[in-house]
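Trainee: Sharing a structure with you now.
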Amino acid sequence: MKTFAKHAVLLCAISAANASWAALSPEEIAKLGTELTPWGAIKAGNADGSIPTYTGGITPPASYDPAKPGIRPDPFADEKPLFSVTAANLAEHGDKVTEGFKEMLKKYPTFRMDVYPTHRTAKYPDYVTQNTLKNAATCALADNLLQLAGTCYGGVPFPIPKNGSEVMWNRTLKYDQFAYYSPAQLSMLVDSTGRKIQTGGFAYWQTFPHYDPARTTPIGPEDMLEYGRVDWTGPARKAGEKLVLHDSVDMLEVGRRAWSYLPGQRRVKLSPDVAYDTPSPAGGGVGTVDDTQVFYGAQDRYDYKLVGKKEMYIPYNTFKLHDPQKCSDEQVFTPNHLNPDCVRWEKHRVWVVEATLKPGKRHVYPKRTFYWDEDIPAVGMADNYDDAGKIYRVTQANYYPFYETTGHNPHEFVVHDMTSGAYVRQAYTQAGKGMMVVTKPEEAKPSGFYQSNSLSSGGVR
């Protein structure tokens, strides 16, 4: 941490020279790596010790075998819940439960939140924390807070956010890994009767060019933010379809571009609607495209108000949920919500952001409230409201850290539909078939793998 403090002093001079871009004072920048973590979280624990001091993140347990990719044993398997939050004791814990999960507790007698000891398992590589420190002095927003401006590098763009948009940009430029893939992801809908319906089976690849460890140049608006590819294997009606997605750093002028391959037509076509409140392709009618991983896409339809930071119960370190020996699909998918026995909740400090639909814009959710973990900007929850001001859908990410290298997996998410009683768990994986980290950058898929002209090869059903 001392290294970051020294660099912060040097960057104060840079900050002064770039005052037109600098959002933080030299005094604020100097806190990074000292009383704050390099990415801006409060380093110290809370007053009663229920949130511990950050001490360096996850260390793989002795039972972890690097030769078995995708299998990450639970280092906290012997822990028991400290307590459970139910409808009966909600008044005692209500200030740490989101409005959406309060509704879940009230509506479903079988739902509860088992709260375990808190472990701050975030871990970033040195180049990401160094870039974050640079960003503190030189990265900013322009065009009504919708575009990156100044000089921004592959790290957390706003480690000490001053407004809701900066928090949302931290989520957009989240660090998971430079690249990863999964040979077998699934999505499962549980309808209001408790019937389980597979809505998706696919292989998945994702690369974040701005997090290339070899990159030393700033992020430009012309750069790619991420590449994604989906090769569908199920259900039968979708088997053989393929999709590639390009997200640009410039989410306004360039935006999101997607192409799909349809084996029945044997052609590739542009898919301009894979964004905003278009129904999620694997959601089975529950959730929108931008419900993906709690929020996914451009920010131009909402105004974002930063409410502040508070302590909340949040799904965290969900190793058990991804272990079929502990929680098989038969056990996990109970009516109305995931089996509470399989979901680990912890108390963490989160940024709270209220999103309100802009005049003249449309979205199925006129209002949303986001809760983003202070250590990992992609780990969060959301309350999504309908036109009547009632909770419509509740989303959550189910995070666990990677062992292979530094980084995080917040890829899986759940959307609960409070109107119908159905829910969908999307993009989940299990041990042995889970997310595989590309530990050697040279082994990441080339950009050509994510181009539209690559989809037709081998795409016949």
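Trainee: Just checking, does region 429-440 include any residue being of a type in the set (S, T, N, Q), open to solvent by 10 Å² or more (accessible area, probe 1.4 Å) and closer than 27 Å to residue 37 by Cβ?
Mentor: yes
Trainee: Now for a different question. Quick one: which residue in 191, 143, 176 is modelled with pLDDT of 95 or more and open to solvent by 20 Å² or more (accessible area, probe 1.4 Å)?
Mentor: Numbers: 143 fails: modelled with pLDDT of 95 or more; 176 fails: open to solvent by 20 Å² or more (accessible area, probe 1.4 Å).
None of the other options fit; the residue is 191.
Trainee: Exactly one condition in (1) open to solvent by 20 Å² or more (accessible area, probe 1.4 Å); (2) at positive phi; (3) in contact (Cβ under 8 Å) with a residue 60 or more places away in the chain is not met by residue 50; state its number.
Mentor: Single failed check for residue 50: (2).
Trainee: Filter region 235-294 down to the residues that are closer than 26 Å to residue 173 by Cα and among the charged types (D, E, K, R) and list them by number.
Mentor: Answer for region 235-294, where residues must be closer than 26 Å to residue 173 by Cα and among the charged types (D, E, K, R): 242, 247, 250, 253, 256, 257, 273, 277, 290, 291.
Trainee: Quick check on residue 231: is it of a type in the set (D, E, K, R) and open to solvent by 10 Å² or more (accessible area, probe 1.4 Å)?
Mentor: Yes: the conditions hold for residue 231.
Trainee: Kindly provide the set of residues from region 327-348 that are open to solvent by 30 Å² or more (accessible area, probe 1.4 Å), outside any loop (DSSP other than H, G, I, E, B) and touching a helix residue (DSSP H, G or I) at 6+ places or on another chain (Cβ under 9 Å), ordered by number.
Mentor: 331, 334, 341
Trainee: So, in region 421-435, of the ones that are of a type in the set (A, V, I, L, M) and out of contact with any Gly (no Cβ under 6 Å at 6 or more places or on another chain), which residue ends up modelled with the lowest pLDDT? Lay out the reasoning, then the answer.
Mentor: Of the residues in region 421-435, the ones of a type in the set (A, V, I, L, M) are 422, 424, 427, 431, 435.
Narrowing the set further to residues that are out of contact with any Gly (no Cβ under 6 Å at 6 or more places or on another chain) leaves 422, 427, 431, 435.
On the way: 422: 98, 427: 95, 431: 68, 435: 88.
Residue satisfying both the conditions and the ranking: 431.
Trainee: Let me ask another. What number of residues within region 268-292 satisfy the criterion of being in a helix (DSSP H, G or I) and open to solvent by less than 10 Å² (accessible area, probe 1.4 Å)?
Mentor: Result for region 268-292: 3.
Trainee: For residue 246, which of the numbered conditions (1) out of contact with any strand residue (DSSP E or B) (no Cβ under 7 Å at 6 or more places or on another chain); (2) part of a strand (DSSP E or B); (3) of a type outside the set (Val, Ile, Thr) fails to hold?
Mentor: Failed condition: (1).
Trainee: Among the candidates 99, 79, single out the residue that is within 25 Å of the chain's Cα centre (by Cα) and either surrounded by 15 or more Cβ atoms within 10 Å (Cβ to Cβ) or modelled with pLDDT of 95 or more (or both).
Mentor: Exactly one residue qualifies, and that residue is 99.
Trainee: What do you reckon, is residue 364 surrounded by fewer than 21 Cβ atoms within 10 Å (Cβ to Cβ) and farther than 20 Å from residue 197 by Cα?
Mentor: yes
Trainee: In addition: Considering only region 281-296, state which residues are of a type in the set (Gly, Ala, Ser) and under 16 Å from residue 369 (Cα atoms).
Mentor: 287 - this is the single residue of region 281-296 that is of a type in the set (Gly, Ala, Ser) and under 16 Å from residue 369 (Cα atoms).
Trainee: Continuing with this model, one more query. May I ask you to verify whether residue 424 is touching a His at 6+ places or on another chain (Cβ under 9 Å), part of a strand (DSSP E or B) and open to solvent by less than 20 Å² (accessible area, probe 1.4 Å)? Don't jump to the end; show me each part of the working.
Mentor: Details: touching a His at 6+ places or on another chain (Cβ under 9 Å): yes; part of a strand (DSSP E or B): yes; open to solvent by less than 20 Å² (accessible area, probe 1.4 Å): yes.
The answer is yes for residue 424.
Trainee: I'd like the full set of residues that are in a loop (DSSP other than H, G, I, E, B) and either open to solvent by less than 10 Å² (accessible area, probe 1.4 Å) or out of contact with any Phe, Trp or Tyr (no Cβ under 8 Å at 6 or more places or on another chain) (or both), limited to region 394-410.
Mentor: Scanning region 394-410 gives 398, 399, 402, 404, 405, 407, 410.
Trainee: I'm checking my understanding of the structure. Among residues of region 146-160 that are crowded, with 24+ Cβ neighbours inside 10 Å and within 19 Å of residue 306 (Cβ to Cβ), which one is modelled with the lowest pLDDT?
Mentor: It comes out as 148.
Trainee: For the subset of region 106-139 comprising residues that are in contact with a strand residue (DSSP E or B) (Cβ under 7 Å, 6 or more places away or on another chain) and assigned to a helix (DSSP H, G or I), which member is farthest from residue 51 (Cα to Cα)?
Mentor: 138
The rows are residues; the columns are (1) farther than 23 Å from residue 157 by Cα; (2) touching an Asp or Glu at 6+ places or on another chain (Cβ under 7 Å).
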position	(1), (2)
206	no, yes
212	no, no
232	yes, yes
237	yes, no
262	yes, yes
266	yes, no
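Trainee: Go through 257, 267, 301 for me and flag whichever is touching a Leu at 6+ places or on another chain (Cβ under 7 Å), charged (D, E, K, R) and touching a residue at least 12 places away in the same chain (Cβ under 8 Å).
Mentor: From the options 257, 267, 301, the qualifying one is 301.
Trainee: Could you please tell me which pairs satisfy a Cβ distance under 7 Å, a separation of 6+ or placement on different chains, a first residue in region 219-230 that is at pLDDT 95 or above, and a second residue that is open to solvent by 20 Å² or more (accessible area, probe 1.4 Å) and polar (S, T, N, Q)?
Mentor: So the pair list comes out as 227/447.
Trainee: While we're looking at this one, here's another question. Of the conditions (1) under 22 Å from residue 454 (Cβ atoms); (2) among the acidic types (Asp, Glu); (3) more than 17 Å from the chain's Cα centre (by Cα); (4) buried (at least 17 other Cβ atoms within 10 Å of the Cβ), residue 226 satisfies every one except a single condition; which number is it?
Mentor: Single failed check for residue 226: (3).
The values are calculated or read from the model by the stated rules, or taken from the named source; none is laboratory data. Values in this document were obtained by computation on a predicted structure and should not be read as measured data. All Cβ positions, even for glycine, are placed from backbone atoms using ideal geometry, and neighbour counts span all protein chains on display. Only protein heavy atoms, including side chains, enter the accessible area calculation; ligands, DNA and RNA are left aside. Shrake-Rupley method; radii C 1.70, N 1.55, O 1.52, S 1.80 Å.
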